[in-house]
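The values are calculated or read from the model by the stated rules, or taken from the named source; none is laboratory data. On a predicted model such as this, the values are computed, not experimentally measured, just so you know. Every residue, glycine among them, receives a Cβ derived from its backbone with ideal geometry; neighbour counts consider all protein chains shown.
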Amino acid sequence: MLLVKLALHPRFRAVVMYRMSHALHQNRVTRPLAGWLTGRILRSSGAELAAASRIGAGLCLRHTTGLVVGGDVVAGRDLTLHQGVTLGDRTPGGGQPVVGDGVYIGAGACVLGPVRIGDGAVVAAGSVVLIDVPARTVAAGVPARIVSTVPAA
């Protein structure tokens, strides 16, 4: 029963479909199918996860509505994204974020441009990140600034 629930859950399904579209995007012949699948993800879950983006294992989508991940985004393992998060560029072709392992990005946050988010960093809800965020720190505000460190586990 648990497997059926997971297969039917929109957040889980969006991650699985993203993984499939990313795999299809690697081959020039199947790339159009990857684009079609990306559109299906958007229609079914409200998340725009570009097939060309590279996201490590353990992606957790807390809520999918309004989620946007650009095609040049590179993210590590165990990334947690809440609803309304945007990872993308500030200007067309201006570069997109590189996100480390174990990063948590709160609802409505925007991480824009060629910035780096370090391992274990937290981006607070509603923040607009235009600067690099060091590992194990908390960024908050508009525009975001470093406000504290993440407590050791």
Next item on the list: Looking only at region 23-40, count how many residues are assigned to a helix (DSSP H, G or I) and either more than 17 Å from residue 87 (Cα to Cα) or modelled with pLDDT of 95 or more (or both).
Entry: 12
Note to self: Residues that are crowded, with 17+ Cβ neighbours inside 10 Å, at least 2 per element: which strands (runs of 3 or more DSSP E) completely within region 95-151 meet that?
What the structure shows: 110-112, 137-140
Margin query: Just to be sure I understand, how many residues within region 87-108 are of a type outside the set (D, E, K, R) and under 22 Å from residue 12 (Cβ atoms)?
Written below: 8
Note to self: So, in region 129-153, how many residues would count as being more than 20 Å from the chain's Cα centre (by Cα) and among the hydroxyl-bearing types (Ser, Thr, Tyr)?
What the structure shows: 2
Check: If residue 87 satisfies every condition in (1) in a strand (DSSP E or B); (2) within 20 Å of residue 48 (Cα to Cα); (3) free of Cβ contacts under 8 Å to residues at least 24 places away in the same chain but one, which is the exception?
Finding: (3)
Next item on the list: Take region 1-18 and flag every residue that is surrounded by fewer than 15 Cβ atoms within 10 Å (Cβ to Cβ) and modelled with pLDDT of 90 or more.
Entry: none
